[in-house]
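Here's the structure, in structure tokens; my notes come after.
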Amino acid sequence: MREYKGSEIRNIAVVGHGASGKTSLVDALAFVSGSSKRHGSVRDGTALTDHAAEEIERGYSINLGPAYAEWQDTKINLIDTPGYLDFQGDAVAGLAAADGALVVVSATSGVEVGTEKMFREAVSRRDPVLLVVSMMDKEHADFARIYQQIKTRLSNKVIPVEVPVGQAHSFHGVVNLFTRKAHQFKKGVKTGEYDETEIPDEAKELFDRYYSDLIESISATDDTLLEHYLEGAEISREEAIAAMKEAMKRMELFPLFVVSNELNYGMQAVLSTIVELMPSAFEMEELHAFKGAEGDATVEIHASDTVSPVAHVFKTMSEPHVGDVTFFRLFSGVINNGDELYNATRSGVEKLNHLSIAQGKDRIEIQTLHAGDIGCVAKLRNTHTNDTLSTRQHPVRLPLVAFPEGAIQMAVHAANRADEEKLQAGLHRLHDEDPTFEVHYNAETHETIVSGLGERHLEVGMSKLKRKFGVTAELSKPRIAYRETIKGKGEGQGRHKKQSGGRGQFGDCWVRFAPLPRGSGYKFVDEIVGGSIPRQYIPAVDKGIQEASVRGILAGYPLVDFQVECFDGSYHTVDSNEMSFKMAGILAFKAVAPKCKPTLLEPLDELEIETPDDYMGDVLGDLSSRRGHILGTEPADGGTRIRAIVPQAELHGYSSSMSSMTQGRATFKRRFKGYEEAPHEAQVKIIEESAKEKEEELATAH
Ligand SMILES: Nc1nc2c(ncn2[C@@H]2O[C@H](COP(=O)(O)OP(=O)(O)OP(=O)(O)O)[C@@H](O)[C@H]2O)c(=O)[nH]1
Ligand SMILES: [Mg+2]
């Protein structure tokens, strides 16, 4: 492969709803360009960018997939991204590495939640967007209906540059509104070849309808063109293209194309359009100009070959027998095979062996990579997604890509106890690959918790664990970290005395318990006067109480938010020691705490939900059935934002029920809020469950 410089490179993320045809489009583009030798298919498990075992098995994309198409002396880097929201992390990473987006819309399913989400995401990043209506050959494909949907649900600035000739089974060509010519595809030719003809009669009506729209929309974005247009002058193709390109950079126009990925119809036009209308990696500097940090200083990043290299790692993938593969976008500078780079995020040196570019699962070694290009290397030592590679002389760190936060949590354990260590290592590797897959240990409930963007996300995680790390792991509903506290005051004694032959044990203390405000934890007050307990033994009383409080009194949960005053006691000159006073503390806790109106606290989360107004009633009703307390509502982007406090115990499965309730249109964030007393009925249930668990434990122990 020849070397490409920034101005000859286009970096394009292919995004959209699940099953809209993204992977098939990337495969077809790479194939028609001649850069990929075979026309693969998602159905057969041979698509260029769906090569992981989990993807082939399920028939949808899970990881972003880099590929490329060389076309008209330009290298188009195509990043296929997953459409399911569970894997949105990779879609966000794909956009971060690209300068523009192809938003794919199926000609049968039309605009869906994922289409809206990704379109808005691309626009908010100020990426020029090209819309591609796929599946024009499929039964029920309906161009007019889908275009209407796109205009109302995405933007009325979307404007067709191509219209189809025929649709569904009769789809056999496209008319380009700029050239006023038709491409009539040859039946049975696999590479999407066509005859160029005049506009056929059957497409004349569509052409007339959209041609004036196109010219009018383009003219409206440019004062000089508008003047020409109003004067009735002809606008040349070159003028129109140039104006359109500028308008796309300002998010004022989004051209639309029609294709069939299955038949390779329309691919050449999409390739040529990407070259012509999408900004090059070099031009993108104007729009995506961003800054990095070098120590405390801020530095500008330029898509230039003559400055020192700065690359952002947007994805790492580990495969058995291959090791880690690191994908990065080189934002500035040139790198060569064998170079050493500095990972400023982790302060480590990395050697770039086998510098390559990826075509699906194949990697093609190259000698040099220029500013603006996307590359990959294998077997870096300690470099992960979102790290920056630069040089020791200029250790730059780029801004972090903001990945979506986890929406669901599950407890995970190895099916086989002996695999526990392997499980932990595997989970952390999965997180390194995918920052939206998170792992933490809950010390209160003694469980490892994984969180992710949806049930499918965690379930795929378990499949990866099995295939890549040989661990069978099981997911379960996480235990809730309840706590206990007291509402009343009380006092009493803890006296430990043991006489067993030789030296005995003796410790004795008097304590007062009192509740503290929520969130205060535990406080020990030494009120001993006159040496009734010698100084050196007082901390032992404190220790004993703390130890006992970990297991609470009602249901075995830690007792919190209380104060203990130790105000009296006695000792024995020979038999007293630290151990005895600790025992006295434990006994004092057991004697006094139950008398102080103990009660159960439950953890609460604060939810911030954004929902279209149509679903407001359902969302609010559901919250109240989950014992939710609404803090307030306010208008938000395209709907309403609801803030509510909901007990964690009621939130299991919330993500799935929310998405079925709102057709996936609502989103939410949850954040731990604090503890509050659980209502009586809930307490009874929790105490019963804990007693049952204890019984079961005893039964299995015997
Ligand atoms: N007839 C027809 N089928 C298509 C076309 N494009 C894709 N398909 C089929 O539609 C299904 C989904 O296509 P994919 O390419 O996997 O869609 P995707 O957008 O990558 O889906 P996710 O990876 O889940 O986001 C597959 O069975 C494809 O074979 C097309 O242009 N025409
Ligand atoms: Mg896909």
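Every number in this text was worked out from the coordinates using simple rules, so none of it is lab data. All of these numbers come straight from a predicted model, not from anything done at the bench. Counting neighbours? That spans all protein chains shown, and the Cβs are built from the backbone with ideal geometry, glycine included.
What shape does segment 639-699 take by its C-alpha gyration tensor, where a ≥ b ≥ c are the square roots of the eigenvalues and a/c under 1.5 counts as rounded, a/b above b/c as prolate, and the rest as oblate?
Verdict is prolate for segment 639-699.
So who's got an amide H within less than 5 Å of the one on residue 46, skipping anything under 5 residues away but keeping other chains? H placed 1.01 Å off N, in plane.
Hits under the 5 Å cutoff: 41.
Using DSSP to define loop residues, name the GluC sites (Glu not before Pro) in segment 417-483 whose beta-carbon has at most 15 other beta-carbon atoms within 10 Å.
Passing sites in segment 417-483 are 444.
With equal scatterers on the alpha carbons only and no solvent term, can you work out the Debye log10 of I(q)/I(0) for segment 131-286 at 0.11, 0.14, 0.21 1/Å?
-0.44, -0.71, -1.44
Among 382-392, 128-138, how do they line up by average Cβ neighbours within 10 Å per residue, starting with the highest?
For the peptides 382-392, 128-138, the packing ranking is 128-138, 382-392.
Any chance you could check the Cα centroid distance between segment 573-603 and segment 339-380 for me, in angstrom?
61
Taking 7 Å along the Cα-to-C-beta vector as the label spot, tell me the residue 499-residue 392 distance in nanometres, rounded to one decimal.
Spacing of the two 7 Å Cα→Cβ label points: 7.5 nm.
Quick one: check the C-alpha center-to-center distance for segment 1-80 versus segment 155-234, whole angstrom.
So the separation of the two Cα centres works out to 26 Å.
Name the shape class, rounded, prolate or oblate, that the alpha-carbon gyration tensor gives for segment 254-395, where a ≥ b ≥ c are the square roots of its eigenvalues, rounded holds for a/c under 1.5, and otherwise prolate holds if a/b is larger than b/c and oblate otherwise.
oblate
Would you work out if segment 214-307 is rounded, prolate or oblate? Take a ≥ b ≥ c from the square roots of the eigenvalues of the alpha-carbon gyration tensor; rounded if a/c is under 1.5, else prolate when a/b is larger than b/c, oblate otherwise.
Oblate, since a/c reaches 1.5 and b/c is not below a/b.
So what is the diffusion coefficient of segment 88-144 in µm² per second by Stokes-Einstein at 37 °C and 0.692 mPa s, using a Kirkwood Rh over Cα pairs?
273
Going through the cross-link list 138/190; 523/597; 351/464, which pairs have a Cα-Cα distance over 23 Å in this structure?
With Cα atoms farther than 23 Å apart: 351/464.
Please work out the Kirkwood hydrodynamic radius for the chain, using every pair of different C-alpha atoms, and report it in angstroms with one decimal place.
Computed over Cα pairs of the chain, the Kirkwood hydrodynamic radius comes out at 29.3 Å.
Obtain the nm distance between the two label points defined at residue 422 and residue 223 by a simple spin-label model: each point lies 7 Å from its Cα along the Cα-to-C-beta direction.
7.0
Could you give each residue of segment 247-258 its phi-based ³J(HN,Hα) in whole Hz, using Karplus coefficients 6.51, -1.76, 1.60 with θ = phi - 60°, and x for Gly or Pro?
Those phi angles translate into 5, 5, 5, 8, 6, 9, 8, 10, x, 10, 10, 10 Hz.
Give me the compactness ratio for segment 1-89, meaning the Cα radius of gyration over 2.2 N^0.38 Å.
Rounded to two decimals, the normalised Rg is 1.08.
Taking amide H atoms as placed 1.01 Å from N in the peptide plane, list the residues 5 or more away in sequence, or in a different chain, whose amide H sits under 5 Å from that of residue 315.
The answer is 327, 386.
Looking at segment 53-172, I'd like the Rg to Rh ratio, where Rg is from alpha-carbon atoms and Rh is Kirkwood's inverse mean 1/r.
0.97
If you average 1/r over all unlike Cα pairs in segment 580-702 and invert the result, what Kirkwood radius do you get in angstrom?
Kirkwood radius, segment 580-702: 17.3 Å.
With θ taken as phi - 60° and the coefficients 6.51, -1.76 and 1.60, list the Karplus ³J(HN,Hα) couplings across segment 585-601 in order, rounded to whole Hz; mark glycine and proline as x.
Result, ordered by residue: x, 4, 5, 4, 4, 5, 7, 8, 3, x, 7, 9, 6, x, 8, 9, 10 Hz.
For segment 54-61, take each phi angle, set θ = phi - 60°, evaluate the Karplus expression 6.51 cos²θ - 1.76 cosθ + 1.60, and give the result in whole Hz per residue in order, putting x for glycine and proline.
5, 6, 5, 4, 8, x, 9, 7
Scan segment 211-262 for GluC sites (Glu not before Pro) in coil per DSSP, keeping those whose Cβ has at most 15 other Cβ atoms within 10 Å, and list them by number.
Taking segment 211-262 and a limit of 15 other Cβ atoms within 10 Å, the loop GluC sites (Glu not before Pro) found are 231, 234.
Note down the relative contact order for segment 516-647 as a percent, whole number, built from C-alpha pairs under 8 angstrom at least six residues apart.
That works out to 24 percent.
Provide, in order from the shortest bin, the percent of all Cα-Cα pairs of segment 542-599 in each 10 Å bin, continuing until the bin that contains the maximum pair distance.
21, 53, 21, 5, 0
Could you work out the relative contact order of the chain, using alpha carbon pairs under 8 angstrom and six or more residues apart, expressed as a whole percent?
For the chain, the relative contact order is 10 percent.
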